[in-house]
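This report refers to the structure that appears directly beneath it.
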Amino acid sequence: MNSLNKLSAKKFVRNKTYKLQFNKILTACVKAHFKLVESEKKLEGLEEEILRNKLLKYIKNNQGTYGIAKYVFDAESAEIDETTDKTVGYCDIKITIPCSSNFSTKEQNKFIIECKRLDGFATKNKAYIENGMNRFISEKYVCRLDVCGMIGFIEKSNKVYKTDKIAEIVNDINDKLINVYKKNETEKLQTSTNIDEYNNSYTSTHIREKCQLPLHISHLFLDMNT
């Protein structure tokens, strides 16, 4: 029997509702992004922390409209190793969905999203992988979860693009995944249809060492200069 089938379904396998909840969060990120770039024109050159906080502000101010009123969004939340109880890092965005009852014995649903700035050049594309995706793949973060997210804030730059800048950035990230970080072809970013009417959404699937279920990373590329 394949090792993937030996794991306890109760411990690891999330139901459809869980993944639908995460898609609602991703959709809220996209909608908040559009409100942000429409309302605030001076976003060029801002630090990642400020861009993330601005995005969170527009999410929190519209949670009822987005259908996620009870979801709790935290920035720079400590991620704690469940075995050692040591803090292993601080994730950019943590989203918690509280249990429906104070007396519920069910585990709270938790999601983590990492954010990175991207300008199309190799340095930041590598950082997206090394200091973003690899924090999930190496199980530094969310080792017991099978879905997580990445947000790439697309900045203005003097790079000349031949076609679509986000598509070229994704192609370069995929090239580096295979040729620099020696990942399998199956781990490349693929176009996603999880977010309605949004073309800059991708997914990637990865194998981890400790948690034997595949990890699914959702990638949102948000142009901050549209």
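The values are calculated or read from the model by the stated rules, or taken from the named source; none is laboratory data. Just so you know, these numbers come straight off a predicted model, no measurement behind them. Here the Cβ is made from the backbone with ideal geometry for all residues, glycine too, and neighbour counts use every protein chain on show.
Tabulated data for the structure shown
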| read-out | value |
| --- | --- |
| When residues of region 18-32 are limited to those that are closer than 15 Å to Q63 by Cβ and of a type outside the set (D, E, K, R), the one nearest to the chain's Cα centre (by Cα) | L26 |
| Hits in region 202-226 - residues which are touching a strand residue (DSSP E or B) at 6+ places or on another chain (Cβ under 6 Å), touching a residue at least 24 places away in the same chain (Cβ under 8 Å) and either surrounded by fewer than 20 Cβ atoms within 10 Å (Cβ to Cβ) or part of a loop (DSSP other than H, G, I, E, B) (or both) | H206, R208, P214, H216, D223, M224 |
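So that you can scan it fast, the table gives a plain yes or no per residue for (1) over 19 Å from Q21 (Cβ atoms); (2) surrounded by fewer than 15 Cβ atoms within 10 Å (Cβ to Cβ); (3) of a type in the set (A, V, I, L, M, F, W, C); (4) modelled with pLDDT under 85:
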residue	(1), (2), (3), (4)
G132	yes, no, no, no
C143	yes, no, yes, yes
G149	no, no, no, no
I166	yes, no, yes, no
N174	yes, no, no, no
K182	yes, yes, no, no
D196	no, yes, no, yes
N200	yes, no, no, no
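Yes/no matrix, rows are residues, columns are (1) assigned to a strand (DSSP E or B); (2) of a type outside the set (D, E); (3) within 16 Å of the chain's Cα centre (by Cα):
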residue	(1), (2), (3)
K54	no, yes, no
I59	no, yes, yes
K70	no, yes, no
E76	yes, no, yes
D85	no, no, no
Y90	yes, yes, yes
T96	yes, yes, yes
F136	no, yes, yes
